Amino acid sequence: MEKIIIFDTTLRDGEQAPGAALTSFQKLEVAAQLEKLGVDIIEAGFPVASPDDFAAVSAIAKLIKKGTICALARCIYKDIECAGEAVKKAKHPRIHLFLATSKIHLQYKFKKAEDEIADIARKSIRQAKKFCPDIEFSPEDATRTEKEFLFRMIEMAINEGARTINIPDTVGYSYPQEIYSLITEIINNVPNINKAVIATHCHNDLGLATANSLSAVLAGARQVHCTINGIGERAGNASLEEVVMAMKTRKDVFGKFYTDINTKEIYRTSRLVSKLTDFLVPPNKAIVGKNAFAHESGIHQDAVLKKRITYEIMDPHDVGIADSQLILGKHSGRHAFRDRLKTLGFVLNDEQLNKAFGRFKEVADKKKAIFDDDLRIIVEDEVRLTKPTWTLNSFEINSGTKIKPKAQVVLIRSGKNLSGVSSGDGPVDACFKAIDKITGYKVKLEDFRLEAVTAGKDALGQASLKLKVAGLSVSGRGSSTDIVEAAVKAYIDAVNKLETK
Ligand code: KIV
Ligand code: ZN
């Protein structure tokens, strides 16, 4: 069996997705979960990009004991020094150097000739080796690079000591057969290629990132760059859960390969990344979407009950999804609640448990059946790591077909009740305006979405929104069986993030 190395770049390329910025603390939380998931390499960030990024990479390098911690650097001395410094406390540090090699980039981005680019890369790899023995080199935009030049760059990088050569499909332009041929040609034309591991880094602009990564593996790549939920620049990167589950499920094709991923941690990791980045996972997303293991049509339901494999190619338990089931109600006690949360992977301290249990009781009073997804939302919503500046005391709305909706909202700040009244274009708008009156922020609502977490008339609704104030964008989430309350909570959540920024 041959191992496929999983290089997770959620915290670097994933975090480059517009709007996905994470705090250092959140990055640490994700890194700890990636360690549990069993990824081999965590690309923790781009240290030269900001002091925050540097701090996050350094903290991850100190905290994570399993696997390699990698930092990205351009072929610029300042970047290399910064990356080397950030990963120096890691048990297994790596510097990932990249430099574009395609004609388009050379002509328009750098205005440099091929030889100059080769020189810069050579010097940079030498410099990087002084900081760290493990160097990965990426000829950026490799799939649109002239083959001869690409082979020359790879050979030089390996001669200078790069141990991994990554072949990025930077703009997601390639397709599976093409990537297959490219990797095959690299193997056949680069004389020292057996001294390095070949990696892939596929973007999803044409929706082919996973297919391209798998094709590269079949051709000889032994390391795959991917991200949780496929987040990343533009349309994102190859999604870790898809790549890993495709190899596990299609043993007939990928039988000679294995990964060290503990697939049972996939769903939990997906939820964590979605929660922290505020990127909702589309319901039809492969492996981790809400509908990935749901069967709606009677014919499918009937067949699945008879034999699961009629319409399910994977067992939901394998990715950490428990069968959605009716588990708790308003008569359930703290013990059952704690037990169920433990099964779902949440380990809470007493204070967090009390908070979550209080909220559970509130929801259970309004909703007959509490499903696992309801519980997840309750915990994610209630167990915040920082104390919010504003909390909701109450709200009242007066609305109908013949009157302009009016809302009164009461918020608590430092133990004091502060009230605001406003009319609006609808009850939600009236509440938002009332909140603005209390906080004094001049807020622009950029995005607002409501979705039901579970089925039924009494479903828990989840609101997510984005606010912009003075050029600063923040997102918020809130849930309740009452959709106006869910929206109000999401708004307050976002306002609290503004406060911390
Ligand atoms: O997409 C890309 O080419 C990259 C490089 C830094 C590898 O992210
Ligand atoms: Zn990328």
Problem - Candidate set: region 16-48, residues that are within 16 Å of ligand 1 (Cβ to nearest atom) and modelled with pLDDT of 95 or more; chosen: the one nearest to LEU218 (Cα to Cα) - result: ILE41
Exercise for the section: Could you tell me whether region 132-155 includes any residue that is within 15 Å of ligand 1 (Cβ to nearest atom), in a helix (DSSP H, G or I) and either surrounded by fewer than 21 Cβ atoms within 10 Å (Cβ to Cβ) or of a type in the set (D, E, K, R) (or both)? Expected result: yes
Exercise for the section: Among the candidates ALA196, ALA235, single out the residue that is within 14 Å of ligand 1 (Cβ to nearest atom) and either touching a helix residue (DSSP H, G or I) at 6+ places or on another chain (Cβ under 6 Å) or in contact (Cβ under 8 Å) with a residue 40 or more places away in the chain (or both). Expected result: ALA235
Exercise for the section: Determine whether region 164-172 contains at least one residue that is of a type outside the set (Val, Ile, Thr), away from ligand 1 (no atom under 11 Å from the Cβ), surrounded by 19 or more Cβ atoms within 10 Å (Cβ to Cβ) and at pLDDT 95 or above. Expected result: no
Problem - Among (1) modelled with pLDDT of 95 or more; (2) small (Gly, Ala, Ser); (3) buried (at least 17 other Cβ atoms within 10 Å of the Cβ) - the single one SER394 does not satisfy - result: (3)
Handout entry: Test: ILE158 is surrounded by 21 or more Cβ atoms within 10 Å (Cβ to Cβ), away from ligand 1 (no atom under 16 Å from the Cβ), assigned to a helix (DSSP H, G or I) and among the hydrophobic types (A, V, I, L, M, F, W, C)
Key = yes
Completion exercise
When region 173-193 is checked residue by residue, the ones that are away from ligand 1 (no atom under 16 Å from the Cβ), surrounded by 16 or more Cβ atoms within 10 Å (Cβ to Cβ) and not in a helix (DSSP H, G or I) are VAL190
Practice task
Output the number of residues of region 273-309 satisfying the condition of being loosely packed, with under 14 Cβ neighbours inside 10 Å and modelled with pLDDT of 85 or more.
Solution key: 4
Exercise for the section: Report, by residue number, each residue of region 215-236 that is under 20 Å from ASP40 (Cα atoms) and either among the polar types (S, T, N, Q) or in a helix (DSSP H, G or I) (or both). Expected result: ALA216, VAL217, LEU218, GLN223, THR227, ILE228, ASN229, GLY230
Practice task
Identify, by number, the condition in (1) part of a helix (DSSP H, G or I); (2) out of contact with any Pro (no Cβ under 7 Å at 6 or more places or on another chain) that ALA199 doesn't meet.
Solution key: (1)
Practice task
Please work out if ASP205 is among the charged types (D, E, K, R) and within 16 Å of ligand 1 (Cβ to nearest atom).
Solution key: yes
Completion exercise
Over region 271-293, the set of residues outside any loop (DSSP other than H, G, I, E, B) and of a type outside the set (A, V, I, L, M) is ARG271, SER274, LYS275, THR277
Handout entry: Test result for ILE266, within 16 Å of ligand 1 (Cβ to nearest atom), within 13 Å of the chain's Cα centre (by Cα), among the β-branched types (Val, Ile, Thr) and surrounded by 14 or more Cβ atoms within 10 Å (Cβ to Cβ)
Key = no
Problem - PHE46 being crowded, with 23+ Cβ neighbours inside 10 Å and under 30 Å from LYS251 (Cβ atoms) - result: no
Exercise for the section: Please tell me if LYS433 is without any contact (Cβ under 8 Å) to a residue 40 or more places away in the chain, charged (D, E, K, R), buried (at least 18 other Cβ atoms within 10 Å of the Cβ) and over 18 Å from LEU472 (Cα atoms). Expected result: yes
Fill in the blank from the handout: Exactly one of THR227, THR249 is modelled with pLDDT of 95 or more, farther than 23 Å from GLU451 by Cα and buried (at least 17 other Cβ atoms within 10 Å of the Cβ), and that residue is THR227
Practice task
Can you tell me which residue within region 1-18, out of those that are touching a residue at least 24 places away in the same chain (Cβ under 8 Å), away from ligand 2 (no atom under 13 Å from the Cβ) and not aliphatic (A, V, I, L, M), is surrounded by the fewest Cβ atoms within 10 Å (Cβ to Cβ)?
Solution key: GLU2
Handout entry: One residue from ALA32, ALA21, ALA56 being over 15 Å from the mean Cα position of the chain (by Cα) and more than 16 Å from ligand 2 (Cβ to nearest atom)
Key = ALA56
Fill in the blank from the handout: From the option list LEU467, LEU460, single residue qualifying as touching an Asp or Glu at 6+ places or on another chain (Cβ under 6 Å) and crowded, with 23+ Cβ neighbours inside 10 Å is LEU460
Fill in the blank from the handout: Per the filter on region 230-246, residues in contact with a Phe, Trp or Tyr (Cβ under 9 Å, 6 or more places away or on another chain) and within 15 Å of ligand 2 (Cβ to nearest atom) are ILE231
Exercise for the section: State whether the residues of region 195-214 include one that is within 16 Å of ligand 2 (Cβ to nearest atom), within 17 Å of GLU43 (Cα to Cα) and touching a Lys or Arg at 6+ places or on another chain (Cβ under 9 Å). Expected result: yes
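The values are calculated or read from the model by the stated rules, or taken from the named source; none is laboratory data. Owing to the predicted nature of the structure, the values given are computational and were not obtained by experimental measurement. Virtual Cβ from ideal backbone geometry, glycine too; neighbours counted across all protein chains shown.
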